[in-house]
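For reference, the structure discussed in these notes is given below.
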Amino acid sequence: MPLLTQNKRIERVNSTAELFSKHPHLKESAQQFVSRSPEVVDTKQLLYVQQREFAATTPADNSVSILGSDDATTCHLVVLRHTGSGATCLAHCDGSSTWTEVPLIVNAVTSRSNPAKEGRLELHLVGGFDDDRSTSHSLSLSILAAFQKQKEEIQLETCCITDMNDVIRDGIHRPVVYGIGVNVKTGQVFPASFTCRGPAEELRSARTFSGAQMVEVYDSSRELVKIDPCRWTPNNDMAFWLSQDDETILQYLSTSPHAEPPHFVHHIKSTIQFLLDHPTADGLFPGGQPQLYRRAEDGRWKRA
């Protein structure tokens, strides 16, 4: 089935500029979206989604009200929601395997929705900017094309991507919106910032840094964050990066060196240190079992 907007089919485009030219209402809604100030999200109802992760739940969830993610420069944040069931998925896509990731996102929502229930699938895309290497632009087109290939009819509601999420400051292109939240009770999608990116922030970052594929991190039926066992190869050569200055790390370990958030270098170094402290992941998953986290009474995620 096609990807639609205002019930009109979106044809394959060769550029995001062509998309916005053909569908000017998407451009107008993107302009409105970037004009909003980011909301600081209360961690007590938040499920944070890291790069190359996705999570899905429904309005019946008593542990999660907001799905959120940030630190997206060339990455794209994808929200898919069924208006009937309220089932909602948020994914942080970096272009590593878009064509296998999009079906996972669609299935995460449709599997939590009663087929007989009225409603439609609504898509929100936020992220990317006008970067030097056109990484964002390529990812924008890949994500749009992948959704066009799905069998379900999907309505594109928000499309704040690449050139519509770009601002020039001090002569340098940067994203306007780095992070979003989606309220799973109401379906509202909004620019957001976060003070907490857990649970198991370093472990999850290490998994992605080591090249793992997109993974689901939440069991909505049990309301548990679930970090499945993963593997990485010991690599002491990584210690080299801990002694490098910020500029070197940005230049070699970022897709967008001039547009990263202020904590990027600290995040990279803490992830590398975690990998050096844990040469293999075996000890982090006793008996080969996943790490599980449950929402505690104080609102924090605690090991289950």
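The values are calculated or read from the model by the stated rules, or taken from the named source; none is laboratory data. Computed from a prediction, not measured in an experiment: that's the story for all the values here. Glycine also receives a Cβ, built like all others from the backbone with ideal geometry; neighbour counts cover every protein chain displayed. We work out accessible area using only protein heavy atoms, side chains counted, and drop any ligands, DNA or RNA first. Shrake-Rupley method; radii C 1.70, N 1.55, O 1.52, S 1.80 Å.
Filtering region 207-226 to residues that are surrounded by fewer than 20 Cβ atoms within 10 Å (Cβ to Cβ), charged (D, E, K, R) and more than 13 Å from Y293 (Cα to Cα) leaves only E216. What about V106, is it crowded, with 22+ Cβ neighbours inside 10 Å and not acidic (D, E)? Spelling it out, it is not the case that V106 is crowded, with 22+ Cβ neighbours inside 10 Å and not acidic (D, E). The set of residues in region 212-227 being in contact with a Phe, Trp or Tyr (Cβ under 8 Å, 6 or more places away or on another chain) and of a type outside the set (A, V, I, L, M) consists of E216, K226. Among the residues of region 159-181, the ones that are part of a strand (DSSP E or B) and surrounded by 24 or more Cβ atoms within 10 Å (Cβ to Cβ) come to 6 in all.
Is it true that some residue in region 135-157 is under 19 Å from V217 (Cβ atoms), out of contact with any Pro (no Cβ under 8 Å at 6 or more places or on another chain), open to solvent by less than 10 Å² (accessible area, probe 1.4 Å) and not aromatic (F, W, Y)? Within region 135-157 (the criterion being under 19 Å from V217 (Cβ atoms), out of contact with any Pro (no Cβ under 8 Å at 6 or more places or on another chain), open to solvent by less than 10 Å² (accessible area, probe 1.4 Å) and not aromatic (F, W, Y)), the answer is no, since none of the residues qualifies. Contact map, region 258-279: first residue of a type in the set (G, A, S), second residue at pLDDT 90 or above and in a loop (DSSP other than H, G, I, E, B), Cβ cut-off under 6 Å, separation 6 or more or different chains; pairs are A259/T73. Please work out which residue is most open to solvent (accessible area, probe 1.4 Å), limiting yourself to region 111-129 and to residues that are within 19 Å of the chain's Cα centre (by Cα) and either basic (K, R) or farther than 22 Å from A212 by Cα (or both). Across region 111-129, the extreme among qualifying residues is E122. Of everything in region 15-53, what is within 19 Å of T74 (Cβ to Cβ), among the polar types (S, T, N, Q) and open to solvent by 40 Å² or more (accessible area, probe 1.4 Å)? Give them in sequence order. The answer is Q51, and nothing else. If you filter region 283-304 down to residues that are open to solvent by 80 Å² or more (accessible area, probe 1.4 Å) and under 22 Å from the mean Cα position of the chain (by Cα), you find that the one that is modelled with the lowest pLDDT is R300. Every listed requirement among (1) open to solvent by 10 Å² or more (accessible area, probe 1.4 Å); (2) of a type outside the set (K, R); (3) over 25 Å from L253 (Cα atoms); (4) assigned to a strand (DSSP E or B) is met by P191 save one, (1). Selection of region 87-101 for residues being touching a Cys at 6+ places or on another chain (Cβ under 8 Å) and either part of a loop (DSSP other than H, G, I, E, B) or of a type in the set (F, W, Y) (or both) yields D94, G95. Applying the condition of being out of contact with any Phe, Trp or Tyr (no Cβ under 8 Å at 6 or more places or on another chain) and among the charged types (D, E, K, R) to region 81-113 and asking which residue is farthest from F147 (Cα to Cα) yields R112.
Consider region 62-87 and keep the residues that are within 16 Å of D219 (Cα to Cα) and in contact with a Ser or Thr (Cβ under 6 Å, 6 or more places away or on another chain). The one that is surrounded by the most Cβ atoms within 10 Å (Cβ to Cβ) is A87. Note on region 227-245: residues that are within 30 Å of T58 (Cα to Cα) and open to solvent by less than 30 Å² (accessible area, probe 1.4 Å) total 2. What do you reckon, is V225 within 30 Å of V64 (Cβ to Cβ) and in contact with a His (Cβ under 9 Å, 6 or more places away or on another chain)? No. Which condition does Q251 not pass, out of (1) in contact with a Leu (Cβ under 7 Å, 6 or more places away or on another chain); (2) under 30 Å from S134 (Cβ atoms); (3) open to solvent by 70 Å² or more (accessible area, probe 1.4 Å), if it passes all the others? Single failed check for Q251: (1).
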